[in-house]
Amino acid sequence: MAVTDILFEAAQDAMTRCHAPYSKFPVGAAILAEDGKVYKGANIENLAFPQGWCAECTAIGAMVMGGARRIIEIGVIAEKLAYCPPCGGCRQKIAEFADPSTLIHLYDGAGMVKTMTMNELLPFSFQTDTIDRG
Ligand code: THU
């Protein structure tokens, strides 16, 4: 199966596990990581609204806890949008573990709609060599 199809199915599955009782806006994300594994996430909201977080954030947390550190490709799907561009905060979070050429796939309910690179999703991003990234 193509990576885009694997991530599509994984993102769809992740979306079914969202906790979005307030927005009623389910989102799913799936990451193919450097270790060859697929890590999934959904948005998890909270009654104290600002405490909720995005699907991409959950997937990144799953990847890091799984022991991987690099995103090879990532897919995002939202039930109520033809495609769901990751929010600004998530663009920065994805960039932390991605390269400028990392592929981001935005899916609709039927499959892939739009593919772009990290650099296209977050151009002119924060960069500095004054902080040691380890
Ligand atoms: N959401 C995501 O999960 N990812 C995004 O990139 C955009 C927004 C979630 C957050 C919230 O639970 C719901 O969608 C409505 O904003």
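The values are calculated or read from the model by the stated rules, or taken from the named source; none is laboratory data. Computed from a prediction, not measured in an experiment: that's the story for all the values here. Methodologically, a virtual Cβ is constructed for each residue, glycine included, from the backbone with ideal geometry; neighbour enumeration extends over all protein chains shown. To get the accessible areas, we keep the full protein, side chains included, count just its heavy atoms, and leave off ligands, DNA and RNA. Shrake-Rupley method; radii C 1.70, N 1.55, O 1.52, S 1.80 Å.
Qualifying chymotrypsin sites (Phe, Trp or Tyr not before Pro) in the range 46-134, where qualification requires a DSSP coil assignment and no more than 14 other C-beta atoms within 10 Å, comprise Tyr83, Phe124, Phe126.
Can you pull the Kirkwood radius for the range 3-129, inverse mean 1/r over Cα pairs, to one decimal in Å? Don't skip to the end; give the middle numbers.
Working: mean 1/r = 0.0702 Å⁻¹.
Its Kirkwood hydrodynamic radius stands at 14.2 Å.
For the range 10-88, trypsin sites (Lys or Arg not before Pro) meeting the loop criterion (DSSP other than H, G, I, E, B) and having at most 16 other Cβ atoms within 10 Å: Arg17, Lys24, Lys37, Arg69, Arg70, Lys80. Per residue, the chain exposes an accessible area of 56 Å² to a 1.4 Å probe, with every protein chain left in place.
Find the relative contact order for the chain and round it to a whole percent, using C-alpha pairs within less than 8 Å whose residues are 6+ positions apart. Display every interim value, and only then the final one.
Values: 284 pairs, mean separation 27.7, N = 134.
For the chain, the relative contact order is 21 percent.
The residue among Ile44, Ile77, Pro100 whose Cα reaches farthest toward the positive pole of the charge dipole of the chain, with charges on the beta-carbon of Lys, Arg, Asp and Glu, is Ile44. What the Cα convex hull of the range 36-101 gives, in volume per residue, is 104 Å³.
Surface composition of the range 3-129: carbon and sulfur atoms hold 58% of the protein heavy-atom accessible area at a 1.4 Å probe. As a test, work out the antiparallel percent of DSSP beta bridges whose residues both lie in the chain, rounded to the nearest 5. So the antiparallel bridges in the chain amount to around 75 percent.
So if I place +1 on the C-beta of Lys and Arg and -1 on the C-beta of Asp and Glu, and nothing else carries charge, what would the dipole magnitude of the chain be about its Cα centre? I want it in debye, nearest 20.
Values: 11 positive and 15 negative charges, 58 e Å.
Dipole magnitude for the chain comes out near 280 debye.
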